[in-house]
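To keep things clear, I will list the structure first and then write my remarks on it.
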Amino acid sequence: MQPELSSTPVTVVKNAGRERYEIFTAEDPAEFAGFLAYRVLDEHTVELQHTIISEGFSRRGFARTLVTTVLDGIRDEGGRIVPTCSYVQDYLERFPQYADLVAQA
């Protein structure tokens, strides 16, 4: 089963200075919709800490789109995750095809 993404076109940006992945609508002007905070553990592993979606964008697939995009990017880079965010943990249960990204303890 593939994750169903937001029907609204979006852009996901890694904001390393704030240690978070940010999601914006791809409309003009772009609107900030939320973020997924992370912490670098080593050169290959990030801890995904918490997902926050602005109230006006909740229940519209933005969190799922954000997490899917981030996990796909981490996979493309050969990285691993430590999912401390409860949303990411639930996501991994629903979409086990991403379980291989979880770093072994």
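What the table shows:
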item	result
Inter-site label distance for Glu22 and Gln97 at 7 Å from Cα along Cβ, in nm	3.0
Calculated FRET value between Val40 and Asp90, using beta carbons and R₀ = 25 Å, to 0.05	0.60
Burial ranking of peptide ranges 56-63, 31-38 (average Cβ count within 10 Å, highest at the top)	31-38, 56-63
Accessible surface of the chain, 1.4 Å probe, proportion on carbon and sulfur as whole %	48
Sequence-distant residues sharing a close amide H with Leu41 (under 5 Å, placed H)	Val46, Glu47
Cut-off under 5 Å, modelled amide H: who pairs with Ser6 long-range	Thr65
The chain: angle of helix 62-76 to the longest principal axis, Cα-based, in degrees nearest 10	40
Å² per residue, accessible surface of the chain at 1.4 Å	59
From phi via Karplus (6.51, -1.76, 1.60), per-residue ³J(HN,Hα) for the stretch 31-39 in Hz, x at Gly/Pro	10, 5, 10, x, 7, 10, 7, 9, 9
3J(HN,Hα) from dihedral phi, the stretch 14-30, Karplus parametrisation 6.51/-1.76/1.60, rounded to Hz, x for glycine, proline	8, 9, 4, x, 9, 6, 7, 9, 10, 10, 10, 5, 8, 7, 10, x, 5
Interchain or long-range residues, amide H under 5 Å from Arg20's placed H	Asn15, Tyr38
Label-point gap, in nm, between Lys14 and Asp72 - each point 7 angstrom along Cα→Cβ	1.6
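The values are calculated or read from the model by the stated rules, or taken from the named source; none is laboratory data. All values derive from a computational prediction rather than experimental measurement. Counting neighbours? That spans all protein chains shown, and the Cβs are built from the backbone with ideal geometry, glycine included. Just so you know, the surface numbers come from the protein's heavy atoms only, side chains and all, with ligands and any DNA or RNA stripped out. Shrake-Rupley method; radii C 1.70, N 1.55, O 1.52, S 1.80 Å.
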